[in-house]
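*Asks:* Quick one: the structure is below, questions incoming.
The values are calculated or read from the model by the stated rules, or taken from the named source; none is laboratory data. Since the structure is predicted, the reported quantities are computational estimates derived from the model, not experimental observations. Neighbour counts are summed over all protein chains in view; Cβ atoms, including those assigned to glycine, are modelled from backbone coordinates with ideal geometry.
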Amino acid sequence: MIRIWFVGLTKGGHPYAANRSLQALKAFYNWLLSEQLVPESVGNPARLIKLNPERARQRYVRDEEMPALLAAIDARHDPVARIYFRLILETGARKSELIAARWNDYDADNKTLTLRNTKAGHDITLAMSESACALVAELPRVDGSPWIFPSDSPDEPRFNFAREWKEIRDASGLQDLRLHDLRRTHGAILVRAGVSLPLVAARLGHKDITTTQQHYAPLETEAQRALAERVSAALSRGLPPVAK
């Protein structure tokens with residue numbers, strides 16, 4: 001029955017949605033088993049179904065799109081939302097990991113932000129630029145709340161920025177842009193600047209550099225070509241190539 005549902009959803013033109021649904025179903029059955037709510041003899045009926053193949057999404061904010069995006073972000077009247085979107089661009093942090101950051105994770109003196117319980121399986125300490133630190137300094141602190149992005153309750157951070165993100169997409173005209181694409185844009189900027197893929201992987205908290213290669217290998221080739229042109233230009237002048 002599960003396989004019929006999965007194949008039907010896939011053939012209906014929604015292979016990625018079928019994957020996400022199947023993953024959720026597998027997780028649900030695993031939870032039922034862990035809580036002993038179903039007998040072990042039943043097992044996880046979704047475990048033998050293979051996910052549909054997926055191509056890595058390669059959507060970054062292009063150079064000509066960036067002014068409109070930044071203008072739309074900076075037009076937000078809510079400073080917490082404005083700074084949240086800016087910091088994803090500035091740090092490349094995953095949206096959920098940035099939301100979960102606490103004030104004691106931020107070291108203003110050393111200009112670092114430590115992300116806890118990350119997808120990589122370990123804490124990640126991000127070096128932050130002066131502009132990123134200036135953004136954090138703008139954030140209002142709420143008495144009794146440990147969260148950098150506080151909600152109305154001190155027990156949890158602010159999880160929902162969906163309305164603000166929709167307004168930004170509408171204002172900028174970038175309707176196809178997802179919030180996660182801001183993180184990918186951070187990585188793309190690094191690769192285009194000639195930063196090696198292993199260092200980009202470390203910055204983004206990728207457990208496996210294969211993930212980095214899937215998203216950024218074409219951009220690395222572009223960056224290497226630009227470096228090769230600089231070498232050729234230096235040699236044509238009869239000079240050894242000089243790093244800039």
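*Asks:* Output the number of the condition that Trp165 fails; it satisfies all remaining conditions of (1) touching a helix residue (DSSP H, G or I) at 6+ places or on another chain (Cβ under 7 Å); (2) assigned to a helix (DSSP H, G or I); (3) closer than 26 Å to Ala120 by Cα.
*Replies:* In the conditions (1) touching a helix residue (DSSP H, G or I) at 6+ places or on another chain (Cβ under 7 Å); (2) assigned to a helix (DSSP H, G or I); (3) closer than 26 Å to Ala120 by Cα, Trp165 misses (1) alone.
*Asks:* In a helix (DSSP H, G or I) and more than 30 Å from Arg116 (Cα to Cα) - does that describe any residue in the stretch 181-188?
*Replies:* For the stretch 181-188, residues in a helix (DSSP H, G or I) and more than 30 Å from Arg116 (Cα to Cα): absent.
*Asks:* Another question about this same structure. When you scan the stretch 142-152, how many residues do you find that are surrounded by 11 or more Cβ atoms within 10 Å (Cβ to Cβ) and over 21 Å from the mean Cα position of the chain (by Cα)?
*Replies:* 4
Rundown of residues vs (1) of a type in the set (A, V, I, L, M, F, W, C); (2) out of contact with any Ser or Thr (no Cβ under 8 Å at 6 or more places or on another chain); (3) buried (at least 18 other Cβ atoms within 10 Å of the Cβ); (4) at positive phi, yes/no style:
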{"site": "Val195", "(1), (2), (3), (4)": "yes, yes, no, no"}
{"site": "Ala201", "(1), (2), (3), (4)": "yes, no, yes, no"}
{"site": "Tyr216", "(1), (2), (3), (4)": "no, yes, yes, no"}
{"site": "Leu219", "(1), (2), (3), (4)": "yes, yes, yes, no"}
{"site": "Ala226", "(1), (2), (3), (4)": "yes, yes, no, no"}
{"site": "Ala234", "(1), (2), (3), (4)": "yes, yes, no, no"}
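*Asks:* Just one of Pro67, Pro45, Pro79 is assigned by TED's automatic domain parsing to the domain that holds Val136 and in contact with a helix residue (DSSP H, G or I) (Cβ under 7 Å, 6 or more places away or on another chain); which is it?
*Replies:* Pro79
*Asks:* Scan the stretch 153-176 for residues that are touching a Phe, Trp or Tyr at 6+ places or on another chain (Cβ under 9 Å) and either surrounded by 15 or more Cβ atoms within 10 Å (Cβ to Cβ) or under 19 Å from Pro67 (Cβ atoms) (or both) and jot them down.
*Replies:* Selection gives Pro157, Arg158, Phe161, Glu164, Trp165, Ile168.
*Asks:* Counting only residues that are in a loop (DSSP other than H, G, I, E, B), of a type outside the set (Lys, Arg) and in contact with a helix residue (DSSP H, G or I) (Cβ under 6 Å, 6 or more places away or on another chain), how many does the stretch 96-122 have?
*Replies:* Residues flagged as in a loop (DSSP other than H, G, I, E, B), of a type outside the set (Lys, Arg) and in contact with a helix residue (DSSP H, G or I) (Cβ under 6 Å, 6 or more places away or on another chain) within the stretch 96-122 amount to 1.
*Asks:* If Asp155 meets every condition in (1) in contact (Cβ under 8 Å) with a residue 24 or more places away in the chain; (2) over 29 Å from Gln58 (Cα atoms); (3) not hydrophobic (A, V, I, L, M, F, W, C) apart from one, which number is that one?
*Replies:* (1)
*Asks:* If the Cβ limit is 9 Å and pairs must be 6+ apart or interchain, which residue in the stretch 103-114 that is in the same structural domain as Ser151 (by TED's automatic domain parsing) and within 12 Å of Ala93 (Cβ to Cβ) pairs with which residue that is among the basic types (Lys, Arg) and surrounded by 12 or more Cβ atoms within 10 Å (Cβ to Cβ)?
*Replies:* Once the first residue is in the same structural domain as Ser151 (by TED's automatic domain parsing) and within 12 Å of Ala93 (Cβ to Cβ) and sits in the stretch 103-114, its partners that are among the basic types (Lys, Arg) and surrounded by 12 or more Cβ atoms within 10 Å (Cβ to Cβ) give Asp105/Arg116.
*Asks:* With respect to the numbered conditions (1) modelled with pLDDT of 90 or more; (2) not in a helix (DSSP H, G or I), which one is the sole condition not fulfilled by Gln58?
*Replies:* (1)
*Asks:* To continue, here is another question. Kindly indicate which of Ala93, Ala46 is assigned to a loop (DSSP other than H, G, I, E, B) and either hydroxyl-bearing (Ser, Thr, Tyr) or touching a His at 6+ places or on another chain (Cβ under 9 Å) (or both).
*Replies:* Of the residues listed, the single one that is assigned to a loop (DSSP other than H, G, I, E, B) and either hydroxyl-bearing (Ser, Thr, Tyr) or touching a His at 6+ places or on another chain (Cβ under 9 Å) (or both) is Ala93.
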